[in-house]
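The values are calculated or read from the model by the stated rules, or taken from the named source; none is laboratory data. Only a predicted model underlies this, so the values are computations on that prediction, with no experimental measurement involved. Every residue, glycine among them, receives a Cβ derived from its backbone with ideal geometry; neighbour counts consider all protein chains shown. Surface areas here come from the heavy atoms of the whole protein model, side chains and all, with no ligands, DNA or RNA. Shrake-Rupley method; radii C 1.70, N 1.55, O 1.52, S 1.80 Å.
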Amino acid sequence: MLRTQQRRQVNRGQQAVSRPLPPPVMGWNAKDSLDAMKPADAVILENWFPEETRVTVRYGSAIHCNTGEGTFNVETVAEWKAGASRKLVVGCHGKLIDATTSTPSTLGSGFTSNRWRHVNFGERLFLVNGADAPQDYNGSALAATAWSGSGLTITTLSDAAVFKERLWFIEKDTLNAWYAALQTITGTLVKFPLKYTGSFGGTLKAIGTLTVDGGTGPDDLILFFLSSGEVIVYGGSDPADATDFHRVGTFLIGPPVGNAPLLQFGNDLLAITESAYTPITRVAATRRTEGKSSDIDLSDRISGAVSAAVKAYKDNTGWQAVFFPSGSKLIVNVPRSAVAFDQHVMNLSTKAWCKFTGWNFPCFGVFSNELYAGGTDGKVYQCDTGTSDNATAIVADGQTAWNYFGDTGREKNFTMARVIFAAASDPTATMSIGTDFVISVPTDAVEVGDVDSGAIWDTAIWDTALWAGATQTFQGWQGVSGQGYAASMRLRVAVTEQTPSWMAGNIVFKPAGMV
């Protein structure tokens, strides 16, 4: 009866109009003011992943391997690679464990730290953590690497990289880098001091490499990141030859955040800093970011959220960026505490951002082109798979940008709203409509229209009938009540058995005061 009355009201007096309220495919906007956003922006976009033409509930997670280490955090997820062979190595409870299958196998134990930095070189996985002896894994056995160096305590090696066919390391809490001989996997390391090169002080935090010419070649560079935010860049091949190995330049970015502030991102490097998530090639072109978010930062669209997260959580353990190309995602893990984590997630194709919640994982890694994570319960999870988080519902919450519908100077009476889904079944969504920057958590269920229920195998006509379980279109109007200049839609779903997509929306209104 209420809906009938509302529709009659819409039909009296001046003609009501219906305007599109598009899904927020441009992603989460945590930079612009609420009245300056574009219609396809999102004020909130949690567990909705923005795609080119829709936003879709993210995929879930499932237990891959129980290490048997109880409630201890899995804090390293690393992949060993040799040709087509792959192994998954994780760090938990003072151990390095082979978690390639659901049956774990301990490779080594008695370690002080479970946060290992790692790199593949010479068909071995090299691991360092700044507290224990460096380790290397050849696909079957783990061993302490017999590195040595004049004045070096090898347990202080805290980061590793490969540059021009040789291994490089950082000595923790110093300005010393160390390099190995060409194409060697053990032996003597040579110190490469940087205390005479930097201008802003601090200590070395990470090493990265950058390809200027788009592939491995003479233009490759090695970059040393200092805690002050200074980046020192060298080129050449032989660090023992001053005529060959030379400083290319220095530039300043925000101080790096976390134990793993760098990510190899295609032929670029992504740095997690106190100001932004920044591709180094963009910074190098301008020499610095001056500590402010700008259009050279990949995270510019969510700069407000990044700044707030770094301010609140920068000293927490677990900051990490992960490049997941088969899922079209760049993921930045944000540690709110030792057991609570969010992820800032970017669509690699559209550069649109969203936030994932519910994945309370201390670390991530890519293994055999799939996404894996370490849990807070001694378990290893496969992520971006399935329709639930290990049988727990995925709750997706999205709010569109505030929309004036082309008329900023006139109030409107909003009376009806519609949302269109692509889903296997009714996603039982809840919706709310707010006006003039006030909106509540959705409580009203969206009533969807009837759809075909599917077809019976070997009875219906192929390519004509709608098969049960296939994606279908669901749409429903909902009566709403609100008066204001601008409106926004907030939409929530909780799913365990499907991944619905938010395809489109509409809202009906007419000028205020004319009924």
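Counting each DSSP H run of 4 or more residues in the chain as -39500 (n - 2.57), what helix-only mean residue ellipticity at 222 nm follows after dividing by all residues, to the nearest 500 deg cm²/dmol?
Numbers: 3 runs with 28 residues, N = 515.
That comes out to -1500 deg cm²/dmol.
For Arg418, Arg54, Arg336, write out the residues from largest to smallest accessible area, computed with a 1.4 angstrom probe and no ligands counted.
Arg336, Arg54, Arg418
Apply the Karplus curve 6.51 cos²θ - 1.76 cosθ + 1.60, θ = phi - 60°, to the phi angles in the range 260-275 and return the couplings in whole Hz, x for Gly and Pro.
Karplus values, whole Hz, x for Gly and Pro: 10, x, 10, 9, 5, 10, x, 9, 10, 10, 9, 10, 8, 10, 5, 10.
Mind checking the dipole of the chain: about its Cα centre, +1 per Lys or Arg Cβ, -1 per Asp or Glu Cβ, Debye to the nearest 20?
Working: 41 positive and 48 negative charges, 223 e Å.
Magnitude of the dipole: close to 1080 debye.
Using only Cα positions of the chain, each an equal point scatterer, no hydration layer, compute I(q)/I(0) via Debye at q = 0.05, 0.08, 0.09 Å⁻¹ and quote the log10 values to two decimals.
-0.25, -0.59, -0.72
Using Cα atoms only, what is the angle between the long axis of helix 2-11 and the major principal axis of the chain, expressed in degrees (0 to 90) to the nearest 10?
Approximately 80 degrees, to the nearest 10.
Tell me, what is the FRET efficiency for Ala84 and Ser326 to the nearest 0.05, using R0 = 25 angstrom and their Cβ-Cβ distance as r? Please list the in-between numbers first.
On the way: r = 16 Å, r/R0 = 0.65.
The pair Ala84/Ser326 has a calculated efficiency of 0.95.
Could you compute how much accessible surface Met346 exposes when probed at 1.4 Å, giving the result in Å² to the nearest 10?
It works out to around 0 Å².
Give the shape of the range 330-371 as rounded, prolate or oblate, defined through the alpha-carbon gyration tensor: a ≥ b ≥ c are the square roots of its eigenvalues, a/c under 1.5 means rounded, and otherwise the shape is prolate if a/b is larger than b/c and oblate if not. Mind dumping the intermediate values first?
Working: a/c = 2.89, a/b = 1.28, b/c = 2.25.
Oblate.
Return the carbon/sulfur percentage of the accessible area of the chain, one whole number, probe 1.4 Å, all protein chains in place.
On the way: 10550 of 21670 Å².
C and S fraction of accessible area: 49 percent.
How much of the DSSP beta bridge set in the range 130-281 is antiparallel, as a percent to the nearest 5? Spell out each step's value before the answer.
Details: 41 of 43 bridges.
So the antiparallel bridges amount to about 95 percent of the total.
Can you give the accessible area per residue of the range 106-213, in Å², using a 1.4 Å probe?
Per-residue value: 42 Å².
Averaged per residue, what accessible surface does the range 304-432 expose to a 1.4 Å probe, in Å²? Show your work: numbers first, answer last.
Values: 4150 Å² over 129 residues.
Accessible surface, normalised per residue, equals 32 Å².
Please state, rounded to one decimal and in Å, the Kirkwood hydrodynamic radius that the range 60-163 gives when every pair of distinct Cα atoms enters the mean of 1/r. If you can, show how the numbers build up before the last one.
Values: mean 1/r = 0.0707 Å⁻¹.
For the range 60-163, the Kirkwood estimate is 14.1 Å.
Could you work out the local net charge near Thr357, counting Lys and Arg as +1, Asp and Glu as -1, over the other residues with Cβ closer than 9 Å to its Cβ? Intermediate results must be reported in sequence, preceding the final value.
Details: positive: Lys355; negative: Glu46, Asp342, Asp397.
Result for the neighbourhood of Thr357: -2.
Considering only Cα-Cα distances, which of the following residue pairs are longer than 25 Å: Lys81/Lys329; Lys31/Lys412; Lys81/Lys172; Lys164/Lys205? Let's see the in-between values first.
Details: Lys81/Lys329 22 Å; Lys31/Lys412 27 Å; Lys81/Lys172 27 Å; Lys164/Lys205 21 Å.
Going by Cα-Cα distance, Lys31/Lys412; Lys81/Lys172 fall outside the 25 Å limit.
Could you report the accessible area of Arg86 in Å², rounded to 10, computed with a 1.4 Å probe on the protein chains as they sit in the structure?
So the heavy atoms of Arg86 present about 80 Å² to solvent.
Could you give the Stokes-Einstein D for the range 314-392 in µm² per second, using the C-alpha Kirkwood radius, 4 °C, 1.567 mPa s? Write out the running numbers ahead of the final one.
Working: Rh = 12.9 Å.
Taking Rh from Cα pairs, D becomes 101 µm²/s.
For Thr174 and Asn369, compute 0.36 nm times the residue count separating them, minus their Cα-Cα distance, and round to one decimal in nm. Mind dumping the intermediate values first?
Details: separation 195, 0.36 × 195 = 70.20 nm, distance 3.53 nm.
Fully extending the segment from Thr174 to Asn369 adds 66.7 nm.
Ratio of Rg to Rh for the range 128-279, alpha carbon only, Kirkwood?
Working: Rg = 15.0 Å, Rh = 15.9 Å.
Taking Rh as the inverse mean 1/r over Cα pairs, Rg/Rh reads 0.94.
With every protein chain present, what accessible area does Lys31 have (1.4 Å probe, heavy atoms only), rounded to the nearest 10 Å²?
110
Pairing the Cα long axis of helix 303-313 with the longest principal axis of the chain, what angle in degrees results, from 0 to 90 and rounded to the nearest 10?
60
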